[in-house]
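Peer 1: One structure is given below, represented as C-alpha cells, and several questions about it will come after.
The values are calculated or read from the model by the stated rules, or taken from the named source; none is laboratory data. Everything numeric here is computed off the predicted structure, so don't read it as measured data. As a convention, Cβ positions derive from the backbone with ideal geometry for all residues, glycine included, and neighbour counts pool all protein chains shown.
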Amino acid sequence: MNIPAMIQKLRGYGLVFDPGLTPEEVERVEREYGILFPPDLRALLEAAVPRGEKFPNWRDFSERNKRRIREKLDWPLEALLFDVEYNRYWHADWGDRPSDLNEAKEAASRFYHTNIPKLIPIYGHRYLPETPHETENPVFSVWQADVIPYGEDLKQYFEIEFGGRPYTDLRYENVKPIVFWRELSE
C-alpha cells in the first residue's frame with residue numbers, strides 16, 4: 001500500500017491529518033493499551049494521524065482520552081455481552097450456555113480474551129484486527145453481534161467510508177479469514 005498516495009487521496013476526501021506518530025509514540029500507545037498495530041496501520045499512523053471526533057486520538061495521553069480509547073477497545077466485547085444478555089446470543093464455540101446470566105457473560109468474556117483477536121478502533125465502530133500481525137487485514141463494522149466486513153483492507157475501507165466507493169465493490173470472498181470475526185460476519 002502506497003501510504004503517501006493514500007493520505008493524499010484521503011485529504012482529497014476532506015480528512016484532516018496531524019503529523020505522524022514517532023516510533024517512540026507508537027511503542028507507548030501499544031504498551032499503554034496492550035495492542036500491536038498491524039504493519040499497514042502502523043505505517044499510516046507513522047506517516048499521518050487522522051483527526052476527527054470519531055478517530056482515536058493516539059497521541060493524547062490525558063486520563064480522559066485514555067478512558068475514551070479504552071472504551072473503544074472494550075466496545076466489541078461489551079457489544080457481544082449486550083447481545084448475550086438481551087438477545088440471548090450465544091456462539092457455538094463458547095460451549096453450552098450456562099443458565100445463570102452472570103456465568104454466561106463470564107464464559108463469553110473468558111473465551112473472548114483467550115481466543116479472539118483484539119480489534120483496534122479505526123473510526124467510530126469500525127475496527128481492524130490486531131492479528132494476524134500482517135498487512136491487508138479486513139476492517140469490520142461492529143455493532144453488538146452484528147459484524148460485517150467494511151473493507152477488504154485498510155485502503156478499501158477508507159475509500160468506502162470516505163471516498164464514495166460503493167460498498168458493493170467489497171468482495172466477501174476476498175476478505176481475509178480472521179478467527180471469530182469473519183465467521184461472525186457470515
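Peer 1: Kindly evaluate Y172 against the criterion of being touching a strand residue (DSSP E or B) at 6+ places or on another chain (Cβ under 7 Å), farther than 22 Å from V29 by Cβ, free of Cβ contacts under 8 Å to residues at least 40 places away in the same chain and loosely packed, with under 14 Cβ neighbours inside 10 Å. Give the steps one after another, and end with the answer.
Peer 2: Values: touching a strand residue (DSSP E or B) at 6+ places or on another chain (Cβ under 7 Å): yes; farther than 22 Å from V29 by Cβ: yes; free of Cβ contacts under 8 Å to residues at least 40 places away in the same chain: yes; loosely packed, with under 14 Cβ neighbours inside 10 Å: yes.
Taking the combined requirement at face value, the residue satisfies it.
Peer 1: Hey, another quick one. Being loosely packed, with under 14 Cβ neighbours inside 10 Å and either within 20 Å of L128 (Cβ to Cβ) or in contact with a Phe, Trp or Tyr (Cβ under 8 Å, 6 or more places away or on another chain) (or both) is the filter here; which residues of segment 67-82 pass it?
Peer 2: R70, E71, D74, E78
Peer 1: A follow-up question, please. Specify the residue that is surrounded by the most Cβ atoms within 10 Å (Cβ to Cβ); the eligible residues are those in segment 133-168 that are at pLDDT below 90 and of a type in the set (D, E, K, R).
Peer 2: The selected residue is R165.
Peer 1: Contact list please: Cβ distance under 7 Å, first residue in segment 51-67 and at positive phi, second residue hydrophobic (A, V, I, L, M, F, W, C) and surrounded by 10 or more Cβ atoms within 10 Å (Cβ to Cβ), pairs at least six apart or on different chains.
Peer 2: Pairs found: G52/V16.
Peer 1: Name the single residue, out of those in segment 175-186 being aliphatic (A, V, I, L, M) and surrounded by fewer than 20 Cβ atoms within 10 Å (Cβ to Cβ), that is nearest to R42 (Cα to Cα).
Peer 2: V179
Peer 1: Considering only segment 92-115, I want to know if a residue exists there that is touching a residue at least 24 places away in the same chain (Cβ under 8 Å) and within 11 Å of the chain's Cα centre (by Cα).
Peer 2: no
Peer 1: Here is a follow-up. Which of the residues belonging to segment 140-158 are in contact (Cβ under 8 Å) with a residue 12 or more places away in the chain, closer than 23 Å to Y89 by Cα and assigned to a strand (DSSP E or B)?
Peer 2: Passing the criteria: F140, S141, V142, W143, V147, I148, P149, Y150.
Peer 1: Is it the case, given these coordinates, that L44 is under 20 Å from H133 (Cβ atoms) and surrounded by 11 or more Cβ atoms within 10 Å (Cβ to Cβ)?
Peer 2: yes
Peer 1: Test each condition in (1) touching an Asp or Glu at 6+ places or on another chain (Cβ under 7 Å); (2) surrounded by fewer than 17 Cβ atoms within 10 Å (Cβ to Cβ); (3) under 24 Å from N115 (Cα atoms); (4) of a type outside the set (S, T, N, Q) for R51 and report the one that comes out false.
Peer 2: Exception for R51: condition (3).
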